[in-house]
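S.K.: This is the structure I have questions about; it appears just below.
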Amino acid sequence: MANMRAIRNRIKSIESTRQITRSMRMVAASKLRRTQERWQQLSDFSRISREVLQKLCAGMDQTNSPLLQPREGNRLCLVLFVGNRGLCGAYNTALVKAAEERIAKAEGEEISLVVCGRWGREQIASLGRPVLRVFDSLSDNPTAEEAGEIAEYLKKLYLGGETDRIVLLYEHYRSALTQEPDFLQLLPIESGHGGAKLDVIFEPDPETLLDRLSELVLLNTVHAVLLEAKTSEHTARMTAMSAASDNTDELIAQLSLKLNHARQAAITTEITEIVGGSNALNQK
């Protein structure tokens, strides 16, 4: 009886865990739909605006826009887009591993970090690189204002001469089953100089137009990457919680079978005892 009671208690405990994992899966699926729709809408606009910038730059001999000018220095700022919490499989650990590999390959580079997300302060600190800032108040459905705050800080960091190059590290969304770390250079913006020169009439003047378009590309890129990272995070969490729910179902089935065997053994023992007692009485 004590063994059966322990099995029943464990089944109840696992059923409670299953309710939690199913709820988390549904919440992640709801967040995923909203974030994925916004990311798909913005990603096309971000890509097209970058292409327009590159075509305009191709139509100019040179530009003095500070966001487009490459630098010769070796200071690199790596912007790491991690999740706000765990329970999303290998999402966060894959990003930290990619950062470790990038830092290990650095030859003569001075690498600093900017972190977007609340997860893994200790893991990120183990990378052994200075963390310039942590944006730990990002929502699960990032807005343009949140992306603007990040973009403005990174722009000031670059224009202030504190770094020579800014690269984004985030989980690239390939499919519902596949997300993988990816790198994207944010600053300086790749302008496409040296391409086919176009006969372009600028209105207003070229420098003003390029400055405004460069800031637009900067904001759109950060916002699109932030939404894509969140889309990957919600997908990874939904997948992880689905797997956890499936595992609880299997474990409950195994424990239920074990409980039935224990119950049958107890009944068999009781019947044996009754028959044995009856035979003893008959012999007397």
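The values are calculated or read from the model by the stated rules, or taken from the named source; none is laboratory data. Since the structure is predicted, the reported quantities are computational estimates derived from the model, not experimental observations. Cβ placement follows ideal geometry from the backbone for every residue including glycine, while neighbour counts extend to all protein chains displayed.
S.K.: Just name the residue that is surrounded by the most Cβ atoms within 10 Å (Cβ to Cβ) out of those in region 58-89 that are modelled with pLDDT of 85 or more and under 26 Å from LYS31 (Cα atoms).
M.R.: VAL82
S.K.: Also, quick follow-up: Among all residue pairs at least 6 apart or on different chains, which show Cβ distances below 8 Å where the first residue, located in region 5-22, is β-branched (Val, Ile, Thr) and the second is surrounded by fewer than 12 Cβ atoms within 10 Å (Cβ to Cβ) and assigned to a helix (DSSP H, G or I)?
M.R.: Note: no pairs meet the criteria.
S.K.: Across region 138-176, what is the total count of residues that are of a type in the set (Gly, Ala, Ser) and in contact (Cβ under 8 Å) with a residue 12 or more places away in the chain?
M.R.: Residues that pass the stated criteria total 5.
S.K.: State whether one or more residues within region 140-152 are exposed (fewer than 12 other Cβ atoms within 10 Å of the Cβ), closer than 25 Å to ALA236 by Cβ and acidic (Asp, Glu).
M.R.: Looking through region 140-152, none of the residues is exposed (fewer than 12 other Cβ atoms within 10 Å of the Cβ), closer than 25 Å to ALA236 by Cβ and acidic (Asp, Glu).
Quick grid of which residues meet (1) at pLDDT 85 or above; (2) surrounded by fewer than 11 Cβ atoms within 10 Å (Cβ to Cβ):
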{"position": "ILE201", "(1), (2)": "no, yes"}
{"position": "ASP205", "(1), (2)": "no, yes"}
{"position": "GLU215", "(1), (2)": "yes, no"}
{"position": "LYS230", "(1), (2)": "yes, no"}
{"position": "ARG263", "(1), (2)": "no, no"}
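S.K.: Which of the residues that make up region 214-247 are closer than 21 Å to SER30 by Cβ and among the charged types (D, E, K, R)?
M.R.: GLU228, LYS230, GLU233, ARG237, ASP246, listed by residue number.
S.K.: Right, here's the next one. Working carefully through the options ILE20, ILE7, find the one that is more than 29 Å from the chain's Cα centre (by Cα) and aliphatic (A, V, I, L, M).
M.R.: Only one candidate qualifies: ILE7.
The rows are residues; the columns are (1) among the hydrophobic types (A, V, I, L, M, F, W, C); (2) in a helix (DSSP H, G or I); (3) under 20 Å from ARG212 (Cβ atoms); (4) out of contact with any helix residue (DSSP H, G or I) (no Cβ under 8 Å at 6 or more places or on another chain).
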site: GLN19; (1), (2), (3), (4): no, yes, no, yes
site: ARG22; (1), (2), (3), (4): no, yes, no, no
site: ALA29; (1), (2), (3), (4): yes, yes, no, no
site: LEU32; (1), (2), (3), (4): yes, yes, no, no
site: GLN40; (1), (2), (3), (4): no, yes, no, yes
site: SER43; (1), (2), (3), (4): no, yes, no, no
site: CYS57; (1), (2), (3), (4): yes, yes, yes, no
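S.K.: Right, next: Going through GLN69, GLN123 one at a time, which residue ends up being closer than 24 Å to ALA151 by Cβ and of a type in the set (S, T, N, Q)?
M.R.: GLN69
S.K.: A further question on this structure: Just checking, does region 74-87 include any residue being polar (S, T, N, Q), more than 26 Å from the chain's Cα centre (by Cα), outside any loop (DSSP other than H, G, I, E, B) and more than 28 Å from ALA236 (Cβ to Cβ)?
M.R.: Within region 74-87 (the criterion being polar (S, T, N, Q), more than 26 Å from the chain's Cα centre (by Cα), outside any loop (DSSP other than H, G, I, E, B) and more than 28 Å from ALA236 (Cβ to Cβ)), the answer is no, since none of the residues qualifies.
S.K.: Spot the failing condition for GLU145; the list is (1) out of contact with any helix residue (DSSP H, G or I) (no Cβ under 6 Å at 6 or more places or on another chain); (2) at pLDDT 90 or above; (3) closer than 16 Å to LEU80 by Cα, and only one is missed.
M.R.: (3)
S.K.: Quick one: in region 15-28, of everything that is exposed (fewer than 14 other Cβ atoms within 10 Å of the Cβ) and of a type in the set (Ser, Thr, Tyr), which residue is modelled with the lowest pLDDT?
M.R.: Checked region 15-28; the qualifying residue modelled with the lowest pLDDT is SER16.
S.K.: Checking the conditions here, which among LYS12, LYS97, LYS105, LYS31 is over 26 Å from LEU169 (Cα atoms) and either in contact with a His (Cβ under 9 Å, 6 or more places away or on another chain) or loosely packed, with under 15 Cβ neighbours inside 10 Å (or both)?
M.R.: LYS12
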